[in-house]
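Presented below is the structure to which this report refers.
Throughout, read-outs are computed from the coordinates displayed, never taken from laboratory work. All values reported here derive from a predicted model rather than from experimental measurement. No Cβ is skipped: glycine too gets one built from the backbone with ideal geometry, and neighbour counts run over all protein chains shown.
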Amino acid sequence: MNLVVLGLMTLTYFGISGSIFLMLAHGITSGVLFLMIGFLYERFFTRIIYYYTGLIYLMPIFGILFLVILNTNSGFPGLCNFIGELFIFIGLFKN
């Protein structure tokens, strides 16, 4: 979230809009990740990672969606958090 503060401190259109976009995207993707972890706990009744082996064979759509959301949350290029970070850096270098 330090990028959000950095974008707000640029006082440019790209920096502020990138910060707002990154806050919204981070809130949505983090919320979805917590929801997915809740689904896993309700299905397996444990939080021990060892028991989640072979999850892609049991729940293939869930596994692919989980991978996409993890990449989104880490700022993978082309996904929503990356766009916010890109706008922040554009606003930073326009000063």
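Could you list the residues of segment 34-52 with an amide nitrogen less than 13 Å from a label point located 7 Å from the Cα of Leu58 in the Cα-to-C-beta direction?
39-52
Taking only DSSP H segments of four or more residues, each worth -39500 (n - 2.57), what value at 222 nm results for the chain once the sum is divided by all its residues, to the nearest 500 deg cm²/dmol?
The helix contribution divided over the chain gives -25500 deg cm²/dmol.
Can you tell me, using C-alpha contacts under 8 Å and at least 6 residues apart, the relative contact order of segment 20-94 as a whole percent?
43 percent
Which order do the peptides 18-24, 77-83 take when ranked by the mean count of other beta-carbon atoms within 10 Å per residue, highest first?
By packing density, highest mean first, the sequence is 18-24, 77-83.
Using the 10 angstrom Cβ neighbour count as an exposure proxy, how do Glu85, Glu42 rank, fewest first?
Fewest-to-most ranking of Glu85, Glu42: Glu42, Glu85.
Within the chain, which whole H helices from DSSP have a Cα span along their axis of at least 30 Å and a mean Kyte-Doolittle hydropathy of 0.5 or more, if any?
Length and hydropathy pass: 13-44.
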